[in-house]
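Let me begin by presenting the structure, written as structure tokens, before commenting on it.
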Amino acid sequence: MSAYSITEPSSRAKWTAGILVTLYAVITMVPLLWIVATGFKTPSDAISYPPKVFFEPTVEGYVNVFTTRTRLSPEALAALPPPANFAEEIVRQYDMVIAGPSRFGERFLNSVIIGFGSTFLSIFLGTLAAYAFSRFKIPLKDDLLFFILSTRMMPPIAVAIPIFLMYRQLGLSDTHLGMILLYTAVNISLAVWLLKGFIDEIPREYEEAALIDGYTRFQAFYKVVLPQAATGIASTAIFCLIFAWNEYAFAVLLTSGTAQTAPPFIPTIIGVGGQDWPAVAAGATLFLVPVMVFTILLRKHLLRGITFGAVRK
Amino acid sequence: MAEIIIKNLRKEFGSFTAVQSSSFRIEDGEFFMLLGPSGCGKTTTLRMIAGLELPTSGQIWIDGEEVGQKPASQRDIAFVFQMFALYPHMNVRKNIAYPLVSQGLSRARVREKVEEVARLLRIEHILDRPVGGLSGGDRQRVALGRAIVRSPKAFMMDEPLGALDAEFREIMAEELRALHDRMGATTVYVTHDQLEAMQMGDKIVVMNHGVVEQFGTPQDIYDKPATMFVAEFIGSPAMNFLRFRGSVEAGATSVRMHHHVFEVPELREPFDGDIAFGVRPEHVRFSDNGAFRCRVDATEYLGTTQIVTLNSDHGQLKARISSDQPVRVDETVGLEFDPKTITLFDTGTGRALRSDLNEGVLSHG
Ligand SMILES: Nc1ncnc2c1ncn2[C@@H]1O[C@H](COP(=O)(O)OP(=O)(O)O)[C@@H](O)[C@H]1O
Ligand SMILES: [Mg+2]
């Protein structure tokens, strides 16, 4: 039994809404599908005009994105034993052999470490700060909250030069720790504000009941507040991860070797030996997967999180 | 089980004083009512006793120990919140067991205790349900269960029936009182409903604007109000006030209101100034030869009794008389007041003048 009722929309309205949503979905999905499809094309199919919608799929792009290859003379090629696996076979068609793994795996791993690391740190610090702002008497609370928000009032890249200089001084350039700290710094204001909203919605009485039942403040926070803030934490985590995962400008500026993330690396794939669009597309497709998986895992929370307090209770 | 003594308890929120120097005493095993209009500081007082709010000054003694600055977890008190505060991510059983888990009891012992409490409250059949879908009454019972299960020294209840609909409140009020009588644990109960307070309480504290107006048994508070606020807040319809300027001597047994003289309980203090003559509607009698004449403005039929609204030279008043008695609107009637029940008030301060009637009671406040 619900306390309020909403009149059922007419079937025509439902149809119209359905068509509009589908149309919107298709429009936004096309570039994505295009990338995924290009990843399975040969380089010539990828740039053929008119574009090919139907084509013979190949994993050439994926092989290229994970390997470096060397061209051999026909004599040298003929002297080689038959290809050992499917990757070798594909490469041989272009008179090449696999010379070794590419940097893509490393860069991808960097992205995972930096993206999830900074997300975890943002959420950890953000939850504690949001709880304190929500529950305790803090001098200059409003000013502090405004200050935290104000760090997002200009695009982060506006402070690129001071950060670049600072990081060089501190030895944080091109390190995982440096990138994690940087993305955390950018995300923390979003995390504090979003999470404070969620925690404000949790009635204090829950914690007070726990305090009276003999639990400490931290136990009450951990056992009563956290489970109820799960929705908010999950959706905030997704927002943080998406930013850190996709960040390009700082990654270009501050990383080049050990800590380079995937976004600045993927465009460089194209450079070696002509325009290898399928390899770029394959890299981009793989790059989409972790955020997609993370979002799907948390999607139940996300839906409820985005509607904020509107439909709870 | 505990006796609770409150001494000069005060709470300020910034520049606002929510509770000003309250003092009262709650005997062991008493069902004690904190009564007053919304915003008068009842919840704040209760939260201070429980340790959820620290007093600005004053003392709280529980069982002979001063606990004013101790955290809630060390006071061994249970609190039933206005909105129940059941943990939504736990089912009924876990909610009730939660206070026991912090005490480190064995699983078997927790289970046993939870089931014992569930039997007492007749909620065994919902133990494994989530709390989300429960009715108001069942939520109330689960909240009570969570409070009872730990056998605390005392229970604090903040308008625990406020969220229930009228018909159900009656039932729960009876259940609550019966439960208290069976367990005999000290209970402090906050309400703004004077009927609830009168029906259920052994003792009542009446508060207004953070001040304790009166503290005593329901009978004393009804019959011998210490202030005009209490006289008006308790009873429906409220006590009548006939206002006049006059003076009385200590030892006087009557008071002169212009050309009328009314008998009153023997006064214990002299007074000169603006006086309110307080009489409850049920102590107003119609009498053909009564010298105090009034015009009937309206009548309201209530079954066995009727409420008659009358207009006098000293203001409007209401009488509760038997429905058998014929009364016509606009007729003029004579009134008499039961002299033993009269309270005189100093209109300036609202304080009752001391008399034979209320002397023993006023010394408390
Ligand atoms: N934490 C607080 N901060 C500031 N003012 C408060 C706080 N808690 C209560 N008050 C104020 O104190 C007064 C008494 O509140 P409360 O004890 O809740 O009243 P009651 O329970 O009698 O309705 C109210 O005016 C309320 O606004
Ligand atoms: Mg209250």
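For chain B, which longest stretch is free of loop sites, where a loop site is one of the trypsin sites (Lys or Arg not before Pro) that DSSP puts outside H, G, I, E and B and that has at most 16 other Cβ atoms within 10 Å? Intermediate values should be presented prior to the final figure.
Working: sites that count: B:122, B:268, B:328.
Free of exposed loop sites, the longest segment is B:123-267.
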Neighbour-limited loop hits for GluC sites (Glu not before Pro), the range B:221-325 (at most 12 other Cβ within 10 Å; DSSP other than H, G, I, E, B): B:249
Compute the long axis of helix B:92-101 from its Cα atoms, compare it with the longest principal axis of the Cα atoms of chain B, and write down the angle in degrees, 0 to 90, nearest 10. 80
Debye-sum result for the range B:228-364 in log10 I(q)/I(0), which assumes one identical scatterer on each alpha carbon, at q = 0.12, 0.13, 0.17, 0.19 Å⁻¹: -0.47, -0.55, -0.91, -1.11
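Give B:153/B:203; A:137/B:7; A:141/A:300 a once-over and call out the pairs whose C-alpha atoms are over 24 Å from each other.
Working: B:153/B:203 18 Å; A:137/B:7 27 Å; A:141/A:300 33 Å.
Listed pairs above 24 Å: A:137/B:7; A:141/A:300.
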Give the angle, between 0 and 90 degrees and rounded to the nearest 10, that separates the Cα long axis of helix B:136-148 from the longest principal axis of the Cα atoms of chain B. 70
Helix B:166-183 vs. chain B, principal-axis angle (Cα, 0 to 90°, nearest 10): 70
Portion, in percent, of the accessible area of the range A:105-263 that falls on carbon or sulfur, probe 1.4 Å: 73
Signed unit charges on C-beta, dipole axis of chain B, positive-most listed residue B:333, B:286, B:123: B:123
Among B:261, B:279, B:248, which one shows the biggest mean-square fluctuation in a GNM of chain B, springs joining Cα atoms closer than 10 Å? B:261
Check which residues have an amide H placed less than 5 Å from residue B:189's amide H, if you skip close sequence neighbours. B:32, B:33, B:34, B:157
Using DSSP to define loop residues, name the chymotrypsin sites (Phe, Trp or Tyr not before Pro) in the range B:1-58 whose beta-carbon has at most 10 other beta-carbon atoms within 10 Å. none
Taking the Cα centre of the protein assembly as shown as the origin, how large is its charge dipole in debye, to the nearest 20, when only Lys and Arg (+1) and Asp and Glu (-1) carry charge on their Cβ atoms? 2220
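Compute for the range A:105-263: radius of gyration divided by Kirkwood radius, i.e. Rg/Rh, restricted to C-alpha atoms, rounded to two decimals.
1.05
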Here the tail fraction of P(r) beyond 38 Å, over all Cα-Cα pairs of the protein assembly as shown, rounds in percent to 59
Comparing A:180, A:47, A:19 in a Gaussian network model of chain A (Cα, 10 Å), the one with the largest mean-square fluctuation is A:19
DSSP H helices in chain A with Cα extent of 27 Å or more along the helix axis and mean Kyte-Doolittle hydropathy at least 1.6? A:277-297
Enter the buried accessible area of the B/A pair, total of both sides, probe 1.4 Å, in Å² rounded to the nearest 100. 1600
Amide H of residue B:305 versus every other amide H placed in the peptide plane: which residues, excluding those fewer than 5 positions away on the same chain, fall under 5 Å? B:323
Using the Cα centre of the protein assembly as shown as origin and beta-carbon charges of +1 (Lys, Arg) and -1 (Asp, Glu), tell me which of A:42, B:88, B:200 is placed farthest towards the positive end of the dipole. A:42
Among A:31, A:220, A:140 the positive-end extreme of the charge dipole of the protein assembly as shown (Cβ point charges): A:31
Among A:213, A:174, A:45: highest mean-square fluctuation, GNM of chain A, C-alpha pairs under 10 Å: A:213
Counting only protein chains, not ligands or nucleic acids, how are A:49, A:24 ordered by accessible area (probe 1.4 Å), most first? A:49, A:24
What distance in nm separates the two pseudo spin-label positions at residue A:94 and residue B:151, each 7 Å out from Cα along the beta-carbon direction? 8.0
For chain A, what does the convex hull of the Cα positions come to per residue, in cubic angstrom? 230
What size of dipole, in debye to the nearest 20, comes out for the range B:4-223 about its Cα centre when the only charges are +1 on Lys and Arg C-beta atoms and -1 on Asp and Glu C-beta atoms? 1020
For the range A:105-263, the dipole about the Cα centre with charges only on Cβ (Lys and Arg +1, Asp and Glu -1), to the nearest 20 debye, works out at 200
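Given that compact globular proteins tend to follow 2.2 N^0.38 Å, what is the ratio of the alpha-carbon Rg of chain B to that value?
Rounded to two decimals, the normalised Rg is 1.17.
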Return the sequence-ordered ³J(HN,Hα) values of the range A:248-259 in whole Hz as given by the Karplus equation 6.51 cos²θ - 1.76 cosθ + 1.60 applied to θ = phi - 60°, using x for Gly and Pro. 10, 4, 5, 4, 5, 6, 9, 10, 9, x, 3, 10
Amide H within-cut-off set for residue A:68, under 5 Å, with H built and near neighbours excluded: A:99, A:100, A:102
Charge tally in the Cβ shell below 12 Å around residue A:67, where Lys, Arg are +1 and Asp, Glu are -1, residue A:67 excluded: -1
For the range A:65-72, Karplus couplings with θ = phi - 60° (6.51, -1.76, 1.60), whole Hz, Gly/Pro x: 6, 9, 10, 10, 10, 10, 7, 10
Return the sequence-ordered ³J(HN,Hα) values of the range B:13-22 in whole Hz as given by the Karplus equation 6.51 cos²θ - 1.76 cosθ + 1.60 applied to θ = phi - 60°, using x for Gly and Pro. 10, x, 8, 9, 9, 7, 9, 10, 6, 7
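The values are calculated or read from the model by the stated rules, or taken from the named source; none is laboratory data. Not measured: the values here are computed from a predicted model. In this analysis, Cβ positions are derived from the backbone assuming ideal geometry, glycine residues included, and neighbour counts consider all displayed protein chains. Heavy atoms of the whole protein, side chains included, go into the accessibility calculation; ligands, DNA and RNA do not. Shrake-Rupley method; radii C 1.70, N 1.55, O 1.52, S 1.80 Å.
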